[in-house]
Ligand SMILES: C[S@@+](CC[C@H](N)C(=O)[O-])C[C@H]1O[C@@H](n2cnc3c(N)ncnc32)[C@H](O)[C@@H]1O
Ligand SMILES: [Zn+2]
């Protein structure tokens, strides 16, 4: 079993260790968090919620699940696996912060070499994303929670992934062990350029470099994934739009132009950065 659950969860209210009971996780202070029928646990207290239904909606999650499972972003998953797996010892623990419907963790699980065990946890603030992830792969731990207060103990992770996500560097630094690595995946300036050309009257240029890194981290490696893909039907184009913020940002005329399309050639331009903690003096 190369992928197992990460079970060192911490109470989101007081940081105490959680112990697994039959149908719930409990802390010594008596806080109890039910395990859903699908196996995930909700560790996002009301006071950490910034809206009633935070994170990606049910429709966005469903669109992303269809689009990613069709394989369009396989090259990104492959490059991510190559960034995450080197120098990873058996028993290492890996957390995906903002895991969405779990595509990249599923791909990572399939790439783990024979003889290596990896403890895996996917965390997302959207309950719809976590529900979808848990249904598709029961092996990892799946948690509804926020990157701002990740419910795991200090220094308990060997890898933290943040894929097209919302990094909270102080929190990532807290949960990573001294030799741990943070792997960031972010869009480059040309990512999905052809789609942006169609839906926006003028394109806002993205900065050409990779995302700036705070002083608490230093760069181990940087890589660009650049490929061309072709979406051959209107429903894939619709799913891609629905899984991105473009659907809410683009003007109605732009979305109408996109709705006419039945084929779309697209540039993928993605930056992968592997970071480690800076040694504090
Ligand atoms: C663009 S999606 C990327 C999902 C996934 N990493 C992928 O690439 O398929 C961003 C994800 O971050 C989640 N999210 C937003 N704010 C978050 C937060 N504060 N903590 C954890 N997840 C968050 C959203 O619900 C959504 O699933
Ligand atoms: Zn507690």
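Scanning region 127-151 for residues that are within 12 Å of the chain's Cα centre (by Cα) and surrounded by fewer than 22 Cβ atoms within 10 Å (Cβ to Cβ) yields a count of 1.
Taken over region 162-197, the criterion of being touching a helix residue (DSSP H, G or I) at 6+ places or on another chain (Cβ under 6 Å) and over 23 Å from residue 241 (Cα atoms) is satisfied by 182, 183.
Within this structure, residue 267 fails the test of being in contact (Cβ under 8 Å) with a residue 60 or more places away in the chain and over 19 Å from residue 71 (Cβ atoms). Checking 94, 99 one by one, the residue that is at pLDDT 95 or above, part of a loop (DSSP other than H, G, I, E, B) and within 12 Å of the chain's Cα centre (by Cα) is 99 and no other. Would you say residue 27 is more than 15 Å from ligand 1 (Cβ to nearest atom) and either touching a helix residue (DSSP H, G or I) at 6+ places or on another chain (Cβ under 7 Å) or without any contact (Cβ under 8 Å) to a residue 60 or more places away in the chain (or both)? Judged against the criteria, residue 27 is a match. The single condition among (1) within 13 Å of ligand 1 (Cβ to nearest atom); (2) at pLDDT below 95; (3) surrounded by 14 or more Cβ atoms within 10 Å (Cβ to Cβ) that residue 88 does not meet is (1). Taking the criterion of being under 17 Å from residue 175 (Cα atoms) and either exposed (fewer than 12 other Cβ atoms within 10 Å of the Cβ) or at pLDDT 95 or above (or both), the residues of region 211-226 that qualify are 215, 217, 218. Taking each residue of region 214-225 that is under 15 Å from residue 86 (Cα atoms) and looking for partners that are part of a loop (DSSP other than H, G, I, E, B) with beta-carbon atoms closer than 6 Å, six or more apart or interchain, yields 222/210. For residue 255, the conditions (1) under 25 Å from residue 174 (Cα atoms); (2) touching a residue at least 40 places away in the same chain (Cβ under 8 Å) are fulfilled apart from (1).
Across region 228-277, the number of residues qualifying as within 25 Å of residue 211 (Cβ to Cβ), at pLDDT below 95 and surrounded by fewer than 18 Cβ atoms within 10 Å (Cβ to Cβ) comes to 4. Taking the conditions (1) part of a helix (DSSP H, G or I); (2) without any contact (Cβ under 8 Å) to a residue 60 or more places away in the chain; (3) near ligand 1 (Cβ under 9 Å from one of its atoms) in turn, residue 123 satisfies each one other than (1).
Residue check: is residue 198 farther than 28 Å from residue 84 by Cα and either surrounded by 13 or more Cβ atoms within 10 Å (Cβ to Cβ) or modelled with pLDDT under 95 (or both)? Yes; evaluated as a whole, the condition is true for this residue.
The condition of being in contact (Cβ under 8 Å) with a residue 12 or more places away in the chain, in a loop (DSSP other than H, G, I, E, B) and surrounded by fewer than 17 Cβ atoms within 10 Å (Cβ to Cβ) holds for only one of 154, 170, that being 154. Residue 34 passes every criterion in (1) within 20 Å of the chain's Cα centre (by Cα); (2) away from ligand 1 (no atom under 16 Å from the Cβ); (3) closer than 23 Å to residue 101 by Cβ apart from (1).
Listed here are the residues, each with its yes/no results for (1) touching a helix residue (DSSP H, G or I) at 6+ places or on another chain (Cβ under 8 Å); (2) touching a residue at least 24 places away in the same chain (Cβ under 8 Å).
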{"residue": "6", "(1), (2)": "no, yes"}
{"residue": "11", "(1), (2)": "no, yes"}
{"residue": "37", "(1), (2)": "no, no"}
{"residue": "42", "(1), (2)": "yes, yes"}
{"residue": "47", "(1), (2)": "no, no"}
{"residue": "55", "(1), (2)": "yes, yes"}
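The values are calculated or read from the model by the stated rules, or taken from the named source; none is laboratory data. What you are looking at is a predicted structure, and each value in this text was computed from that prediction instead of being measured. Quick reminder, even Gly has a Cβ in these numbers, built from the backbone with ideal geometry, and neighbours come from all protein chains shown.
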